[in-house]
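The values are calculated or read from the model by the stated rules, or taken from the named source; none is laboratory data. Since the model is a prediction, treat every value here as computed from it, not as a measurement. Here the Cβ is made from the backbone with ideal geometry for all residues, glycine too, and neighbour counts use every protein chain on show. Just the protein is used for accessible areas: all its heavy atoms, side chains included, with ligands, DNA and RNA removed. Shrake-Rupley method; radii C 1.70, N 1.55, O 1.52, S 1.80 Å.
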Amino acid sequence: MKKITLQEKTQVANELLEEIKALHTPGEQVRFMEVCGTHTVAIFREGIRQLLPDGIELVSGPGCPVCVTDQVYMDKALAYAAMDDVIVATFGDMLKVPGTHSNLWEAKSAGAHIHIIYSPLEIIELGKANPDKKIVFLAIGFETTIAVIAAAVKAVAMSGLKNVFFLVSHKLVPPALRALANQKEGHLDGFILPGHVSVIIGEEPYSFIPTECHMPSCIAGFDGLEILAAVRDLLAQRKSGQYYVGNQYKSVVAKKGNPVAVKLMDELYEVIDDTWRGIGVIPKSGLRLKGEYAAFDAERMIPLGPIESGGVPKSCQCGRVLQGLIRPDECGLFGKLCTADHPVGACMVSVEGSCAAWYKYGRASGGMTWEE
Amino acid sequence: MCLAVPAQLIKVNEFIGTIELTGVTRDVNLMLVPEAKVGDYVLVHAGCAVQIVDEEEANATMEAFKELEELEENYFAGKNAGR
């Protein structure tokens, strides 16, 4: 994409919207899911929903790693935080994710050693500075973050540090897409694929979407124009019946992704079935450290014993929100018992959670409709 | 969470690079982009470069960040005025 002025951008947006209108039959209901939480926020910020013709619905998906982190995982993190000789290192957005009895924020306030970091690579310095402590890093995230954490695991292995461990709960996007495409409820007509996950994995891992699920899909960037271009691509695929993996973020997303990152992830991890908060087990959607790197797996090296974990509150609808079955504002708790200040479910915790985005932007625009 | 921003590499020292972004310099890990060199634009996520970016695209994206606020303001101002 060339450097363009605001005026040119508006013109391109108008052209894209004209094409979108031409590709959409008035009155036809079409549901596209934006899988990535960063897209959810960008769609709100750029007012994309208000620009699209009636009938084209953008549904938010499970693309917020914090939101899909299982409650049992949080309870394990809290159990580590309760150990005197452990420092838990974590991304800041994990602090308020509810565990069964508490969260990391409360544990930190009560004096637990919880260290917030921006980059996973900071754990090396943290490990060196605290030789008498064990560092347990909360390794969550999709492929974008997995690649960076894999680099950190490799760096720890190369450093010779013996006191740095990873509590791994990585989630893989393609298996989740397969589960969403096959779910009986909440029919979807196409996927807006996550831009920065695709930077790592490329186009190929999505190839089952057109061939097996017979659905349109398109990788998108985070600019309003790139999102509109993806919507146009999905509609064009739908209209022609010729499905493929579209790529409207080609300048950053290579067909093969980042082969160095993919190779490193293959070297370090093996694929396992994994539990997604509110959704349940998705086959082959998680990872764990394998071979010599198992020596950095917190759960194997610092055993925890049985963890008592309750379920998520029954009234919390995060699971159905994450699967695109209901909109956040259709949950009975939304905006009442569950708010950004007092989140009940994980989707309200992270800034990129569907509920948090709807709470922040959706209400300000008067629910979902905007008077022309 | 998967937010990533493009920035220019101004120094490379094996696996550690220094980027400049809106006047601020910061070190980033280059393990995932071993062929990156000084002058390249890289996409940075959580302190690590994850891809080398086309320069034109990097400029467009950085411009988009700056313009987003302006665009948002204009859009909402227009909408509100019409109400």
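Between A:Tyr361 and A:Val281, full extension at 0.36 nm per residue minus the direct alpha carbon distance yields a gain of 25.7 nm.
Buried between A and B is an accessible area of approximately 3800 Å², summed over both sides with a 1.4 Å probe. For chain A, the share of accessible area belonging to carbon and sulfur comes to 53 percent (1.4 Å probe, ligands and nucleic acids excluded). With the gyration tensor restricted to C-alpha atoms of segment A:65-122, the semi-axes of the equivalent ellipsoid amount to 16, 15, 10 Å, longest first.
The figure for A:Asp54 is an accessible area of roughly 140 square angstrom, using a 1.4 Å probe on the protein chains alone. Ligands, DNA and RNA excluded, the heavy atoms of A:Asp70 present near 40 Å² of accessible surface to a 1.4 Å solvent probe.
Using just its DSSP H runs of length 4 or more, each adding -39500 (n - 2.57), chain A gives a mean residue ellipticity at 222 nm of -10000 deg cm²/dmol after division by all residues.
Size descriptor for segment A:91-229, Kirkwood hydrodynamic radius: 17.8 Å (Cα pairs only, one decimal). Taking 4 °C and 1.567 mPa s as conditions, segment A:260-372 diffuses translationally at an estimated 77 µm²/s according to Stokes-Einstein applied to its Kirkwood radius (Cα pairs).
Cross-link partners for A:Lys336 among the aspartates and glutamates, with Cα-Cα distance under 18 Å and sequence neighbours closer than 8 places in the same chain left out, do not exist in this structure. Coupling constants for segment A:99-108 follow from the phi torsions by the Karplus curve (6.51 cos²θ - 1.76 cosθ + 1.60, θ = phi - 60°), and in residue order they are x, 5, 10, 7, 9, 5, 4, 5, 4, 5 Hz; glycine and proline get x. Among rounded, prolate and oblate, which fits segment A:317-363 when a ≥ b ≥ c are the square roots of the eigenvalues of its C-alpha gyration tensor, a/c under 1.5 means rounded, and a/b larger than b/c means prolate? Rounded, since a/c falls under 1.5. Protein heavy-atom accessible surface, 1.4 Å probe, per residue over chain A: 41 Å². Straight-line reach from A:Lys290: taking Cα to Cα under 14 Å and skipping same-chain neighbours fewer than 8 places apart, the aspartates and glutamates in range are A:Asp266, A:Glu267, A:Glu270, A:Glu299. Once the Cβ-Cβ distance of B:Val38 and A:Glu204 is raised to the sixth power relative to R0 = 30 Å, the FRET efficiency obtained is 0.40.
Can you give the % of DSSP beta bridges in the protein assembly as shown that are antiparallel, to the nearest 5? Intermediate results must be reported in sequence, preceding the final value.
Details: 28 of 60 bridges.
That works out to approximately 45 percent antiparallel.
Using the structure shown, list the pairs from A:Lys162/A:Lys263; A:Lys96/A:Lys128; A:Lys108/A:Lys360; A:Lys133/B:Lys37 with a Cα-Cα distance above 30 Å, or answer none. Before the final figure, lay out the partial values.
Numbers: A:Lys162/A:Lys263 24 Å; A:Lys96/A:Lys128 28 Å; A:Lys108/A:Lys360 26 Å; A:Lys133/B:Lys37 37 Å.
A:Lys133/B:Lys37, as the Cα separations exceed 30 Å there.
Computed over segment A:173-310, the alpha-carbon pair-distance distribution with 10 angstrom bins reads 11, 32, 32, 17, 7, 1, each value a whole percent. Based on the convex hull around the alpha carbon atoms, segment A:8-315 presents an average projected area of 17.4 nm². Computed from backbone phi, the HN-Hα couplings of segment B:48-55 come to 9, 6, 10, 6, 8, 10, 4, 4 Hz, rounded to whole numbers (Karplus: 6.51 cos²θ - 1.76 cosθ + 1.60, θ = phi - 60°; Gly and Pro given as x).
In this calculation the C-beta distance from A:Ser309 to A:Glu15 is compared with R0 = 60 Å, giving a FRET efficiency of 0.70.
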